[in-house]
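**Student:** I'd like to ask some things about the structure below.
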Amino acid sequence: MSELLKRVLDAHGGIDRWRGFELVQATIVSGGQIWDMKGVPQDATPREMKVATNFEWASVAPFGGPDQRTDFTPKRIAILKTDGTIVRERSDPAAHAEGRAVDAPWDALDRAYFNGYALWTYLTTPFLFALPGFAVDEIEPWKENGETWRGLRVTFPPEIASHSRNQDFYFGPDYLLRRHDYHVEASGGFAAAQYVYDPVTVQGITFPTKRRAYMRNETMLPIREKLMVSIDISNIRMS
């Protein structure tokens, strides 16, 4: 493990503490331009998000109805009734969502797939970097807001669903996450720069509670008028 990765993991609560938990739960409120662009408008209803800590699984409720939730793994996405009855499901959801234009519409399962992999990635960062199959390399630092942010390029293994195989994470002088760059393969592969704010520490683990993802130009600068996704996170619990 590199010096930077160790400092990052320690700053967010430590890998040993993290491994003592199996589930992260949080209330999320989502917004941004991507939902209307993809034909799946998003309201400001608070939703309950759950993600596993040591393998890739996620669920959000309500979804598409007050008695429905999602069930996400990399190879399957489903919408379930709260009693477990399957409403809709799809195997290999990446193959359906990827390879289309940035403004190509999503159906409900595409949206559920995007929500599942994105929130699993966000709520397990940076500890997912220590899971088997992830490759982590330090990259050139990025200067912004009067700070120098050290960077890690993380190569995700093929069995993990996420925005793109290679993603860049930038950390401030306190080694907390400041920015997360990636390409959204489930939406035409557009380049994104996501900024995170307002960290809180819950049961010894530190999470940002505001995320703002913008389209990114060729010079790595965010296009501020293109706020694609906003997420406000509260009521975080770990078990």
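**Student:** Per the Cauchy relation, a quarter of the hull surface: what is the mean projected area of the convex hull of the alpha carbons in segment 154-239, in nm²? The partial results should precede the final answer.
**Tutor:** Values: hull surface 28.1 nm².
One quarter of the hull surface, i.e. the mean projection, equals 7.0 nm².
**Student:** How would you order 196-202, 23-29 from highest to lowest mean count of nearby Cβ atoms within 10 Å?
**Tutor:** Order by mean packing, descending: 23-29, 196-202.
**Student:** Give, in nm to one decimal, the length gained when the segment between E98 and I139 is fully stretched (0.36 nm per residue of separation minus the Cα-Cα distance).
**Tutor:** 12.0 nm
**Student:** Here's something else I'd like to know. What order do you get for 83-96, 110-123, 40-53 when each peptide is scored by the mean count of other beta carbon atoms within 10 Å, highest first?
**Tutor:** Those peptides, ordered most packed to least, come out 110-123, 40-53, 83-96.
**Student:** Within 12 Å, Cβ to Cβ, of S2, how many net charges do the neighbouring residues add up to if Lys/Arg are +1 and Asp/Glu are -1?
**Tutor:** Once all neighbours under 12 Å are counted, the net charge is +1.
**Student:** List the lysines whose alpha-carbon lies under 22 Å from that of K226, not counting same-chain residues fewer than 8 positions away?
**Tutor:** Those lysines meeting the cut-off are K38, K143, K210.
**Student:** Find the all-direction average of the projected area of the Cα convex hull for segment 12-68, expressing the result in square nanometres with one decimal place.
**Tutor:** Its average projected convex-hull area is 5.3 nm².
**Student:** Per residue, how much accessible area does segment 85-239 show when a 1.4 Å probe rolls over the protein heavy atoms, in square angstrom?
**Tutor:** 42 Å²
**Student:** Exactly which GluC sites (Glu not before Pro) in segment 121-220 are in a DSSP loop and have at most 14 other Cβ atoms within 10 Å?
**Tutor:** E159, E218
**Student:** Quick one: pull the percent of accessible area on segment 98-239 belonging to carbon and sulfur, 1.4 Å probe, ligands and nucleic acids left out.
**Tutor:** Within segment 98-239, the accessible surface is 51 percent carbon and sulfur.
**Student:** Ignoring everything except DSSP H segments at least 4 long, calculate the 222 nm mean residue ellipticity for the chain; use -39,500 (n - 2.57) per segment, divide by total residues, nearest 500.
**Tutor:** -4500 deg cm²/dmol
**Student:** Quick one: helix 108-124 against the long Cα principal axis of the chain, what's the angle to the nearest 10°, folded into 0 to 90?
**Tutor:** So the inclination is approximately 30 degrees.
**Student:** For segment 101-213, what does the relative contact order come out to in percent, with C-alpha contacts under 8 Å and a separation of six or more?
**Tutor:** Over segment 101-213, the number comes to 18 percent.
**Student:** Two decimals, Cα atoms only, Kirkwood Rh: what is Rg/Rh over the chain?
**Tutor:** 0.94
**Student:** Largest first and to the nearest Å, give the Cα extent of segment 40-87 along each principal axis.
**Tutor:** 30, 23, 19
**Student:** If all Cα-Cα distances of segment 73-118 are sorted into 5 Å bins from 0 onward, what percent lands in each bin, rounded to whole numbers?
**Tutor:** For segment 73-118, the binned pair fractions read 5, 22, 32, 23, 12, 4, 2, 0 percent.
**Student:** Still on this structure, I have one more. Give the calculated FRET efficiency between L221 and T85 to the nearest 0.05, with a Förster radius of 41 Å applied to their Cβ-Cβ distance.
**Tutor:** 0.30
The values are calculated or read from the model by the stated rules, or taken from the named source; none is laboratory data. The structure displayed is predicted, hence computed values, not measured ones. Heads up, the Cβs are rebuilt from the backbone with ideal geometry, glycines too, and the neighbour counts pull from every protein chain shown. Calculation scope for accessible area: heavy atoms of the full protein, side chains included, ligands and nucleic acids excluded. Shrake-Rupley method; radii C 1.70, N 1.55, O 1.52, S 1.80 Å.
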